[in-house]
Amino acid sequence: MGASVYASVTSESGNRIKGATSTEMAKPKIVLAYSGGLDTTVAVPWLQEKYDADIITLTIDLGMVDLESIRQRALAIGAMQALTVDGRDTLANEFLFPSLQAGTVYEEQYPLATALGRPLIARYLVEVAKEHGAYAIAHGCTGKGNDQVRLEVGIAALGPGIDVIAPIRDWGMSREDEIEYGQARNLPINANRSRFSTDENLWGRSVEAGELEDPWLEPPEDAYAWTSPVSETPDEPAYVEIHFECGVPTAVDGENMAGTDLINHLNTLSGAHGIGRIDHVENRLVGIKSREIYECPAATLLHTAHTALEAMTLTKDQARTKARIALEYADVVYNGLWFTAHRADLNAYVQSTQRYVTGDIKMRLHKGTGTVVGRQAPKALYNYGLATYDRADEFDHSSAEGFIKIFGLSVRTENQVQSD
Ligand code: ARG
């Protein structure tokens with residue numbers, strides 16, 4: 001991928017910045033993954049001061065980010081260059097849909113939204129670092145989560161010579177310290193941050209911390225942002241038809257849609273019916289159990305629909321083996337091992353299974369649940385003539401008797417010999 005995907009600073013500010021730096025000795029460069037929040041905003045002067053470096057910020061839109069305002073903020077706090085990239089379609093096509101095809105849901109609950117975004121963020125960071133000759137990449141992850149592992153393992157895979165700096169993990173500042181540090185340097189800081197820690201991309205919203213750390217406490221309504229409480233969802237169900245081509249959703253209600261639009265559309269539709277709320281006590285990679293709330297309206301709906309289409313088109317053996325692969329694939333994604341031969345191998349198997357996973361799934365959305373109510377597939381293994389109890393029945397009943405004799409032979413033998 002070339003430089004063109006990254007929107008750079010506007011020409012006036014670019015010139016101003018270039019003019020300012022050209023008279024000075026070039027400093028080493030650090031690329032910072034910049035969200036615009038308190039942590040990464042404070043990180044800009046902290047990195048400049050501690051490493052005597054110029055900071056290039058990179059802000060990535062994986063869902064619903066206002067790139068322009070964050071870019072302006074980065075420049076205002078002294079970034080040498082503020083880069084942005086719209087990674088939404090890449091996220092959908094290269095990470096979310098392969099994961100959907102694989103059926104990866106961590107610990108049977110979490111569709112892995114945050115976990116699927118991290119390898120792409122690592123990839124963009126490494127590309128920018130290489131392009132701009134930066135010696136290090138800095139990120140705003142804490143030392144307790146999975147995300148530091150995912151980013152740093154991703155960077156190790158794609159840019160092995162690049163150093164990693166994790167200011168929040170290193171600086172030992174409390175939230176109050178950060179605010180003081182920022183205010184002393186006149187940074188534009190918004191001190192009334194939510195009491196929850198959140199992360200969002202197309203595939204879902206992750207919410208943790210605050211009172212959610214008490215696993216006995218029901219999540220307060222304001223922990224949710226994408227889904228309606230069931231008490232406020234429509235009384236009438238809505239119906240939606242999702243079309244898949246080889247396991248990838250390509251149309252909704254007869255209208256062709258690309259990755260980002262399709263997922264956004266289903267997030268809105270499904271969220272309005274309260275679908276996709278998940279309350280999960282999960283096993284983190286770093287050995288901690290954590291209670292996390294997720295809102296994944298589109299991902300929940302799509303996984304249910306995709307599994308239903310596979311029930312029509314995969315053989316029994318394929319379906320069972322694939323379910324085992326899905327467990328492993330989910331752990332691989334959760335554990336930050338996207339850029340590995342092991343994932344590529346698992347993915348090759350999954351891709352092979354998707355050849356005939358083409359067709360339509362009809363779903364009813366009502367009061368927090370998306371239910372499959374209809375399915376059709378041109379290459380379905382479902383056979384009416386074999387399944388029916390009506391006159392059209394083609395199943396050979398006479399062969400059932402012999403089959404059962406053989407099938408039950410070992411049971412009969414066991415009983416004859418070992419019944420005492
Ligand atoms: N626990 C989830 C994961 O490891 C989400 C972490 C997201 N971070 C957050 N600030 N809520 O994938």
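The values are calculated or read from the model by the stated rules, or taken from the named source; none is laboratory data. The structure presented is a predicted model; accordingly, all values stated were derived computationally and were not measured. As a convention, Cβ positions derive from the backbone with ideal geometry for all residues, glycine included, and neighbour counts pool all protein chains shown.
Here are the numbers for the structure shown:
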{"item": "Subset of the range 56-80 [in a helix (DSSP H, G or I), surrounded by 24 or more Cβ atoms within 10 Å (Cβ to Cβ) and within 25 Å of the chain's Cα centre (by Cα)]", "result": "ARG71"}
{"item": "Helices (runs of 4 or more DSSP H) fully within the range 315-420 counting 3 or more residues that are closer than 28 Å to ILE275 by Cβ", "result": "316-334, 341-353"}
{"item": "Filter result for ALA115 (surrounded by 23 or more Cβ atoms within 10 Å (Cβ to Cβ), among the hydrophobic types (A, V, I, L, M, F, W, C) and within 16 Å of the ligand (Cβ to nearest atom))", "result": "yes"}
{"item": "Members of the range 311-357 that are in contact with a Gly (Cβ under 8 Å, 6 or more places away or on another chain) and charged (D, E, K, R)", "result": "LYS322"}
{"item": "Check on ARG193, in contact (Cβ under 8 Å) with a residue 12 or more places away in the chain and within 16 Å of the ligand (Cβ to nearest atom)", "result": "yes"}
{"item": "Residue that is surrounded by the fewest Cβ atoms within 10 Å (Cβ to Cβ) [pool: residues in the range 236-260 that are touching a strand residue (DSSP E or B) at 6+ places or on another chain (Cβ under 9 Å) and among the charged types (D, E, K, R)]", "result": "GLU236"}
{"item": "Where a residue in the range 160-187 is over 21 Å from ALA79 (Cα atoms) and its partner, wherever it lies, is of a type in the set (A, V, I, L, M), with Cβ under 8 Å and at least six apart", "result": "MET173/VAL42; ARG175/LEU38"}
{"item": "Contacts under 7 angstrom Cβ, first residue in the range 76-88 being under 30 Å from MET257 (Cα atoms), partner hydrophobic (A, V, I, L, M, F, W, C) and assigned to a loop (DSSP other than H, G, I, E, B), 6 or more apart", "result": "GLY87/LEU62; ARG88/LEU62; ARG88/LEU202"}
{"item": "Qualifying residue in the range 81-104 (condition: more than 27 Å from ASN190 (Cα to Cα), touching a helix residue (DSSP H, G or I) at 6+ places or on another chain (Cβ under 9 Å) and not in a helix (DSSP H, G or I))", "result": "yes"}
{"item": "TYR224 among the aromatic types (Phe, Trp, Tyr), touching a strand residue (DSSP E or B) at 6+ places or on another chain (Cβ under 9 Å) and under 21 Å from ILE278 (Cα atoms)", "result": "yes"}
{"item": "Residue selected from the range 14-43 under the condition among the β-branched types (Val, Ile, Thr), modelled with pLDDT of 90 or more and in a helix (DSSP H, G or I), by the criterion nearest to the chain's Cα centre (by Cα)", "result": "THR40"}
{"item": "Count of residues meeting criterion [without any contact (Cβ under 8 Å) to a residue 40 or more places away in the chain and within 14 Å of the ligand (Cβ to nearest atom)] in the range 123-146", "result": "3"}
{"item": "Among the candidates HIS280, HIS306, residue that is under 18 Å from the mean Cα position of the chain (by Cα) and either over 23 Å from PRO249 (Cα atoms) or within 16 Å of the ligand (Cβ to nearest atom) (or both)", "result": "HIS280"}
{"item": "Pairs where the first residue, in the range 347-369, is among the polar types (S, T, N, Q) and the second is in a loop (DSSP other than H, G, I, E, B) and modelled with pLDDT of 95 or more, C-beta under 7 Å, 6+ apart", "result": "THR353/LEU314; GLN354/CYS246; GLN354/GLY247; THR358/CYS246; THR358/ALA377; THR358/PRO378; THR358/LYS379; THR369/ILE275"}
{"item": "Residue within the range 161-182 that is part of a loop (DSSP other than H, G, I, E, B), modelled with pLDDT of 90 or more, surrounded by 15 or more Cβ atoms within 10 Å (Cβ to Cβ) and out of contact with any strand residue (DSSP E or B) (no Cβ under 9 Å at 6 or more places or on another chain) present", "result": "no"}
{"item": "Count of the range 246-277 residues which are in contact (Cβ under 8 Å) with a residue 60 or more places away in the chain and either touching a His at 6+ places or on another chain (Cβ under 8 Å) or within 16 Å of the ligand (Cβ to nearest atom) (or both)", "result": "5"}
{"item": "Looking only at the range 206-245, and only at residues there that are under 30 Å from THR353 (Cβ atoms) and acidic (Asp, Glu), the one that is nearest to the ligand (Cβ to nearest atom)", "result": "GLU245"}
{"item": "Strands (runs of 3 or more DSSP E) fully within the range 212-314 counting 1 or more residues that are within 23 Å of LYS144 (Cβ to Cβ)", "result": "277-283, 289-295"}
{"item": "Given (1) in contact (Cβ under 8 Å) with a residue 60 or more places away in the chain; (2) under 17 Å from GLY140 (Cα atoms), number of the condition GLY204 does not satisfy", "result": "(2)"}
